[in-house]
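Each value in this text was obtained by applying a stated rule to the coordinates, not by laboratory testing. All of these numbers come straight from a predicted model, not from anything done at the bench. Quick reminder, even Gly has a Cβ in these numbers, built from the backbone with ideal geometry, and neighbours come from all protein chains shown.
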Amino acid sequence: MTATDAAVPFPSRPGEQFRALRTADPRQRRAMVSGWAGYWIDMVDVYLPLVALAPAIAYFQPAGVSADLASVLLISTFAATMRWAARSGR
């Protein structure tokens, strides 16, 4: 293990992260950008079903459903999609 392979603490504030990205060598920059891209893709994968399912759930719910029950149905459907994603290895 060389000195460049050692763990380097990464700043937590966005402004500091951009400064660290500008001063990083190409290998570190590639790692930071890859980590950011993976995080972004994961967030899209998590919240896309919620965004897509919310209008569909509203369409399929009966007209007389209370706001409380509508919220429970939405959250239950979201939880079921997350459980499916976790089981399928996504």
- Note on the structure: By the mean-Cβ-within-10 Å protection proxy, highest first, 42-54, 61-73 rank as 42-54, 61-73
- Computed ³J(HN,Hα) along the stretch 23-37: with the Karplus parameters 6.51/-1.76/1.60, θ = phi - 60°, integer Hz and x for glycine or proline, the list is 8, 7, 6, x, 5, 5, 4, 4, 5, 5, 5, 5, x, 5, 5
- Task: Multiply the residue gap between Ile75 and Arg19 by 0.36 nm, knock off their C-alpha separation, and tell me the result in nm, one decimal place.
- Result: 16.3 nm
